[in-house]
Amino acid sequence: MLWATCLPAYTQILHISLFNESPVKSIVISSLKGTYHIFGDSTLIMDQSQDDAMYISIFNDRLLLRNSKAPIGNFVNIRFEAVDSDAVIRLSPVNPKADARQYNDNLSVSIAFGRILLINEVRPDFYIAGVVDAEAGPNAGAEFYKAQSILVRTYLYTNLSRHLSEGFQLCDGVHCQAYRGRAVRNPIIVEATRATRDCVLVARDSSFINAVFHANCGGETESGANAWLNDKSYLVPVKDPFCANSSSARWTKSILLDQWKTYLKSHGFKFTSEVAPNVFDFSQINRKQYYRIGRDSIPLKQIRTDFQLKSTFFSVVASAKDVTLNGRGFGHGVGLCQDGAMRMAKIGYSCEDILKYYFKGIRIVRYSEYNRVKQ
Ligand SMILES: [Zn+2]
Ligand SMILES: [Zn+2]
């Protein structure tokens with residue numbers, strides 16, 4: 001197996017902004033496991049033991065730190081540094097309230113644009129496992145999780161500078177990759193991340209691939225060119241028999257015929273008010289780019305956005321009253337189909353088989369080696 005040859009260790013500490021989409025004003029931080037040194041403006045203030053809760057809020061443009069007994073001080077920066085390598089910290093935003101999440105490694109707290117900026121300084125394995133858990137859920141097999149780990153790692157190393165101007169590397173929202181804390185729901189995720197350590201994907205020209213994935217392709221993946229005008233040799237349509245039986249393989253939506261007519265007219269379609277409903281019928285056996293009537297057309301991705309559809313892969317059947325959209329798949333359809341890849345893993349395909357099925361002409365390489373060659 002190729003990934004067994006990947007280097008055993010690659011350490012670089014990542015800086016990930018947590019609760020990035022929420023303007024956190026106050027938060028409770030506690031140790032779930034192990035001890036943390038707490039630094040206030042680079043000076044060691046105290047140690048936080050297991051189950052100790054610390055409260056941080058914004059006061060006069062500074063961070064007010066207190067424990068359950070009394071205020072401790074005001075700081076520009078507060079840092080929680082893990083003493084133990086398996087320490088776990090728990091973050092529980094109070095204002096605005098959000099579900100608590102837990103993280104490995106260190107936490108740096110400061111103020112940016114009037115909100116508390118929380119940066120997890122974390123080893124890549126922990127981050128990647130957390131993203132795989134958030135993006136793929138806990139119910140798949142080992143070879144699927146290995147494939148997903150390699151995609152997450154490839155995205156990570158091609159986007160390390162995405163938020164550098166804001167003082168961190170990636171955010172924890174879907175803008176970058178969803179990261180809802182450490183992976184705790186399935187130990188196979190953590191093992192898969194470790195087993196593929198240092199492995200990333202490159203295209204025929206040895207550049208990192210755009211490591212995209214989606215929930216369900218509906219039976220055929222979409223090309224990068226059609227979806228985003230991003231024409232890549234490895235992002236080409238692939239027939240996918242593996243995802244057909246999953247719950248998100250099919251969807252329907254009804255729209256009043258009058259609303260459909262009004263919508264199309266607002267996009268330049270020309271037809272008389274007496275037009276027969278079947279003129280609006282439309283079929284997609286294979287993926288198309290446009291919905292057409294005669295010479296008039298509109299991009300399917302425009303319709304998907306405007307009607308908040310699960311995919312662009314749908315047919316249209318019109319009646320006197322409404323149009324029914326019969327759709328397939330969920331997501332943009334480009335790259336790896338998660339439902340199909342999960343099924344492939346279940347029936348015995350390897351991680352490498354799965355990746356090469358959805359991305360044409362790619363190779364698995366070692367990130368550290370690739371980087372050395374590049375420099
Ligand atoms: Zn981001
Ligand atoms: Zn699929």
Could you please give the count of residues in the stretch 117-126 that are among the β-branched types (Val, Ile, Thr) and open to solvent by less than 10 Å² (accessible area, probe 1.4 Å)? 1
With respect to ARG180, determine if the residue is open to solvent by 20 Å² or more (accessible area, probe 1.4 Å), touching a Pro at 6+ places or on another chain (Cβ under 8 Å) and closer than 30 Å to GLU121 by Cβ. no
Answer with yes or no whether ILE150 is touching a Lys or Arg at 6+ places or on another chain (Cβ under 8 Å), closer than 16 Å to VAL200 by Cβ and part of a helix (DSSP H, G or I). no
Go through the stretch 323-358 and count every residue that is open to solvent by 30 Å² or more (accessible area, probe 1.4 Å) and in contact with a strand residue (DSSP E or B) (Cβ under 7 Å, 6 or more places away or on another chain). 7
Please state which one of ALA147, ALA142, ALA129, ALA136 is crowded, with 23+ Cβ neighbours inside 10 Å and farther than 27 Å from PRO93 by Cα. ALA147
Selection over the stretch 183-235 where residues are over 30 Å from TRP251 (Cβ atoms), of a type in the set (D, E, K, R) and surrounded by 18 or more Cβ atoms within 10 Å (Cβ to Cβ) yields a count of 2
Taking the conditions exactly as written (in contact with a helix residue (DSSP H, G or I) (Cβ under 9 Å, 6 or more places away or on another chain) and not hydrophobic (A, V, I, L, M, F, W, C)), does GLN302 satisfy them or not? no
Pick out, from the stretch 218-321, the helices (runs of 4 or more DSSP H) lying fully within it that include 1 or more residues that are modelled with pLDDT of 95 or more. 257-266, 300-307
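The values are calculated or read from the model by the stated rules, or taken from the named source; none is laboratory data. Quantities reported herein were computed from a predicted structural model and do not represent experimental measurements. Counting neighbours? That spans all protein chains shown, and the Cβs are built from the backbone with ideal geometry, glycine included. Heavy atoms of the whole protein, side chains included, go into the accessibility calculation; ligands, DNA and RNA do not. Shrake-Rupley method; radii C 1.70, N 1.55, O 1.52, S 1.80 Å.
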